[in-house]
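Notes follow once the structure below has been shown.
Where a number appears in this text, it was derived from the coordinates with a stated rule and is not lab data. As the structure is a prediction and not an experimental result, all values here were calculated from the model. Positions of Cβ are generated from backbone atoms using ideal geometry, with glycine treated the same way; all protein chains shown enter the neighbour counts.
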Amino acid sequence: MHWATPVQGDTVAAQALCRPLAATRNEPDMSPFAHRTPSELRSLALQVVSLPGAAFLAVLAAVGDFTPGAARWVVVLGVVVGLAVCAIARFTRLATARFTIGVIVLTMALTTLIGLSIQPPAIGTLLAFVLLGVAVGASAFVPIRLAIAFSAVCLALGIGLIVARSSIPLVACIIFVALMSITVLVVVVLRQSLQAARDEAVALSLADALTGLANRRSMEVNVPLMTALAERTDRQLGCLVLDLDHFKQINDTYGHLVGDGVLQVTADALIQFTRSSDLCVRVGGDEFSVFTIVRGNDELAEVAERLRAAIEGLDATPKTTVSVGGALRPFPSETVPALSLEALMMSADQALYRAKTEGRNAVQIA
């Protein structure tokens, strides 16, 4: 038996159902992007982009020449819209994902109109590269498939502007396509990499480092979800508390490295002999919990006995046994209040105490 082999992560512990790890740090982070939700970041980005954009349009409306001349008033309208977007993003909660998509579409249309009407033609060619910025923004803030669609539209509009206004359309188009492809690809890959890193960090924050089982934090997040599922399916949430027998003696006799191996192999057995929908938790030290949805005490006792026998039958040295206490969360009613997680575990703990006092390596159900 190789005690140092780590147990693979519990599937339940990998659920991404917690706040980012940065929110748990003790030291304050003064970054303007720290601890912001996606909607807050979206609002901030709209403010950062729309205010300078409105200023840019105001300069164009004041000093630019347009053919036809009525296009100037469209640019003035763009200034008003840019200021309105900034105000909405700053002072209201209306800057939703759908609102952001509308702003992107409006920006694409306005940029194309200005690029086709502004004089001299060289300025219209340069405005094609504004569409590059629009594509990058879409890649950062809208769903990936929609972002790719927006990027393709921006690419087509940009090429159209260049062909219509540039004196060297072939060279300008090659440069534009290259920049568009590289920047959008980099943003999309970076976004996916950050998402993968965040998912991994979330999974680690919900897992016990030694055994790979769920930790207390994951337990507090997932047990209410299991409770709600049990009530919807007219079943009950069962809690098993398992404590390794004479674990201190194993540490004292064989050392903590062997003791850690015992904990890992025990966790492996819990994963192997429970359903994927069950929640296996390392509560602390040599104490584990298993939460399962069952039809009653008899089924909970069967699960407990199966786990007890599995751990007793492990092909490992030193031999290990476990005492198990279990309790069911009763159906709440007018006379029976809903049982909290703490109360449920306390009831199972009391049953565990009886299993220990009656000789250990036993199961007791409250």
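With Cα atoms defining each centre, segment 212-246 and segment 297-331 are spaced 15 Å apart in the structure.
Available extension along the chain between Ser340 and Gln119 is 72.4 nm, counting 0.36 nm per residue and deducting the alpha carbon span. Report which label in (1) 23; (2) 15; (3) 48 holds the value of percent of Cα pairs over 36 Å apart derived from the coordinates of this structure. Correct label is (3). When the helices in the chain are scored as -39500 (n - 2.57) per DSSP H run of 4 or longer and the sum is shared across all residues, what 222 nm value do you end up with, to the nearest 500 deg cm²/dmol? That comes out to -20500 deg cm²/dmol.
Across Ala269, Ala156, Ala89, mean-square fluctuation computed from a Gaussian network of the chain (C-alpha pairs under 10 Å connected) peaks at Ala156. Take the Cβ atoms of Tyr254 and Leu204, set R0 to 30 Å, and the FRET efficiency comes out at 0.55.
Sorting Ile293, Ile144 by the number of Cβ atoms found within 10 Å of their own Cβ, with the fewest placed first, yields Ile144, Ile293. With a cut-off of 12 Å between beta carbons, the residues surrounding Gln192 carry a summed charge of +1, where Lys and Arg count +1 and Asp and Glu -1.
Taking Glu40, Glu287, Glu342 as the candidate residues, the one with maximal mean-square fluctuation in a Gaussian network model of the chain, Cα springs under 10 Å, is Glu342. Each residue of segment 267-277 was assigned a 3J(HN,Hα) from its phi angle through the Karplus expression (A = 6.51, B = -1.76, C = 1.60, θ = phi - 60°), giving 4, 4, 5, 4, 5, 5, 10, 10, 7, 5, 7 Hz with x at Gly and Pro. Of Leu185, Leu328, Leu263, which has the largest mean-square fluctuation in a 10 Å C-alpha GNM of the chain? Among Leu185, Leu328, Leu263, the largest GNM mean-square fluctuation belongs to Leu185. Segment 182-201 to segment 51-66: how many Å between their Cα centroids? Here the answer is 34 Å between Cα centres. Here the extension length gained between Ile168 and Glu287 equals 35.5 nm, from 0.36 nm per residue of separation less the Cα-Cα distance. Judged by the gyration tensor of its Cα atoms, with axes a ≥ b ≥ c, segment 19-205 is oblate; a/c meets the 1.5 cut and b/c is at least as large as a/b.
Placing pseudo-labels 7 Å out from each Cα toward the beta carbon at Val76 and Ala97 gives an inter-label distance of 3.8 nm.
In terms of other Cβ atoms within 10 Å, Leu60, Leu344, Leu270 run from fewest to most in the order Leu60, Leu344, Leu270. Overall, segment 216-365 carries a charge dipole of about 100 debye about its Cα centre when +1 sits on the Cβ of Lys and Arg and -1 on the Cβ of Asp and Glu, all other atoms neutral.
Summary value for segment 270-325: 24 percent relative contact order, contacts being C-alpha pairs under 8 angstrom separated by 6+ residues. Under a 5 Å amide H cut-off, with hydrogens placed 1.01 Å from N, Asp286 pairs with nothing among residues at least 5 apart or on other chains. The ranking of Ile182, Ile250, Ile101 from fewest to most other beta carbons within 10 Å of each one's beta carbon is Ile182, Ile101, Ile250.
Length gained on full extension, Val59 to Ala149, computed as 0.36 nm times the residue gap minus the Cα-Cα distance: 29.3 nm.
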